Amino acid sequence: MKLATTTGDFSAYAETQQEKMTYIRQAGFRYIDYSFGADYNKGNGVFTESWRKYLDDVMNTADKLGLIFVQAHAPMGSPIRRGDYHTQFVDVNRRCIDACAALGIKNLVVHSGYEQDISKDECLHRNRDFFMELLTYSESLGINILVENFNKMCVPGMYWIDNAPDLKEMIDLVDHPLFHAVWDTGHANMQEMPQDEALRLLGDHVYALHVQDNMGDNDAHVAPFFGTLNLDSLMHGLIDIGYKGYFTFEATNLFLPAKARRQYEPDKKLLMPPLPLRIKAESLLYEIGKTVLTAYDCFEE
């Protein structure tokens with residue numbers, strides 16, 4: 001397996017994806033996951049009128065740095081909300097599909113949606129309708145749409161797909177050759193089912209990973225070994241299903257974001273770790289991944 005990470009790792013340190021790519025390369029990574037959410041939240045990049053020229057610039061930067069895009073993540077939203085919002089959000093995801101085609105990315109992660117006070121059955125079927133809109137669009141471009149196991153949140157009257165059996169049920173319901181799963185290890189760590197058992201249930205539907213860790217109580221997105229994730233169970237599951245994709249990190253909170261720290265108004269020199277230290281932490285993330293994969297004879301440059 002080859003190591004990859006998300007451009008979201010440096011969202012707090014850089015305005016442009018090109019800057020983020022530079023820092024990721026300095027840390028040792030060669031394969032990257034493009035976070036469309038960063039562009040969407042700032043209304044720039046892919047979500048501008050000159051987006052095709054922008055993507056040419058991104059590809060030129062990738063070529064100069066020796067980076068290869070291997071997957072992408074669409075912006076978060078409420079895909080099963082109805083009305084004008086739904087139409088607009090479908091268009092946002094179609095733009096991401098177009099961008100994936102331009103960047104040579106075959107796998108786009110799109111979150112499922114949820115709403116208050118609807119049944120599991122209605123939630124699944126409304127998600128199916130949303131994903132079918134995207135899949136109809138992606139067919140001509142050959143882009144896979146990947147849905148993930150979401151993090152566990154116990155909210156009365158709310159259902160969402162947060163475990164392997166329900167994730168497989170969603171995939172089976174959509175039943176489309178371009179619709180598969182991305183397995184989020186941190187989200188799974190908040191469940192009782194062991195990683196290997198969950199992966200075997202999903203089998204060859206697992207096209208990509210979000211590798212992150214936590215203490216089992218909240219969606220922390222820290223690096224492996226910083227939480228309670230059992231990496232042996234994960235690796236056995238990946239080997240058992242013959243996983244051929246990338247070992248892609250989503251450990252964006254390797255250092256907690258500044259907003260999560262106690263505030264001290266008189267001075268903020270150390271509110272955020274300085275950029276050189278963050279790059280060193282990213283290098284550690286690479287070494288963690290290399291150590292994990294090497295232990296199971298799976299590491300590829």
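The values are calculated or read from the model by the stated rules, or taken from the named source; none is laboratory data. Everything quoted here is computed from the prediction, not taken from an experiment. Using ideal geometry, Cβ is built from the backbone for each residue, glycine included, and neighbour counts are taken over all protein chains shown.
Some values worked out for this structure:
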{"item": "Cross-chain or 6+ apart pairs with Cβ under 6 Å, the stretch 46-74 first and over 13 Å from C100 (Cβ atoms), then of a type in the set (G, A, S)", "result": "Y54/G45"}
{"item": "Filtered residue count, the stretch 279-294, keeping only those that are more than 20 Å from the chain's Cα centre (by Cα) and either under 12 Å from M235 (Cβ atoms) or at pLDDT below 95 (or both)", "result": "2"}
{"item": "Complete set of residues in the stretch 115-166 that are within 19 Å of W183 (Cβ to Cβ) and either surrounded by fewer than 16 Cβ atoms within 10 Å (Cβ to Cβ) or among the aromatic types (F, W, Y) (or both)", "result": "F131, F150, M153, W160, P165"}
{"item": "Residue match in the stretch 70-78 (condition: surrounded by fewer than 19 Cβ atoms within 10 Å (Cβ to Cβ), of a type outside the set (S, T, Y), over 27 Å from T5 (Cβ atoms) and touching a helix residue (DSSP H, G or I) at 6+ places or on another chain (Cβ under 7 Å))", "result": "no"}
{"item": "Of the criteria (1) under 19 Å from the mean Cα position of the chain (by Cα); (2) within 23 Å of G37 (Cα to Cα); (3) surrounded by fewer than 14 Cβ atoms within 10 Å (Cβ to Cβ), which one K244 fails", "result": "(2)"}
{"item": "Qualifying position, being closer than 27 Å to M21 by Cβ, exposed (fewer than 15 other Cβ atoms within 10 Å of the Cβ) and in contact with a strand residue (DSSP E or B) (Cβ under 7 Å, 6 or more places away or on another chain), among E300, E250", "result": "E300"}
{"item": "Filter pass, P276 being surrounded by fewer than 19 Cβ atoms within 10 Å (Cβ to Cβ), modelled with pLDDT of 95 or more and under 17 Å from S11 (Cα atoms)", "result": "yes"}
{"item": "Filtered residues of the stretch 74-84 (kept if within 14 Å of Y40 (Cβ to Cβ) and more than 17 Å from the chain's Cα centre (by Cα))", "result": "none"}
{"item": "Residue satisfying all of: in the stretch 167-187; surrounded by fewer than 24 Cβ atoms within 10 Å (Cβ to Cβ) and among the aliphatic types (A, V, I, L, M); farthest from V70 (Cα to Cα) among these", "result": "L173"}
{"item": "Condition met for L238 (among the aliphatic types (A, V, I, L, M), at pLDDT 95 or above and within 17 Å of I161 (Cα to Cα))", "result": "no"}
{"item": "Residues satisfying the stated conditions in the stretch 147-177, i.e. part of a loop (DSSP other than H, G, I, E, B), closer than 28 Å to T136 by Cβ and of a type outside the set (S, T, Y)", "result": "N149, F150, W160, I161, D162, N163, D175, H176, P177"}
{"item": "The stretch 80-128, residues that are touching a residue at least 12 places away in the same chain (Cβ under 8 Å), out of contact with any Cys (no Cβ under 9 Å at 6 or more places or on another chain), of a type in the set (D, E) and farther than 22 Å from W51 by Cβ", "result": "D117"}
{"item": "Residue that is surrounded by the most Cβ atoms within 10 Å (Cβ to Cβ) [pool: residues in the stretch 16-66 that are at pLDDT below 95 and of a type in the set (G, A, S)]", "result": "A38"}
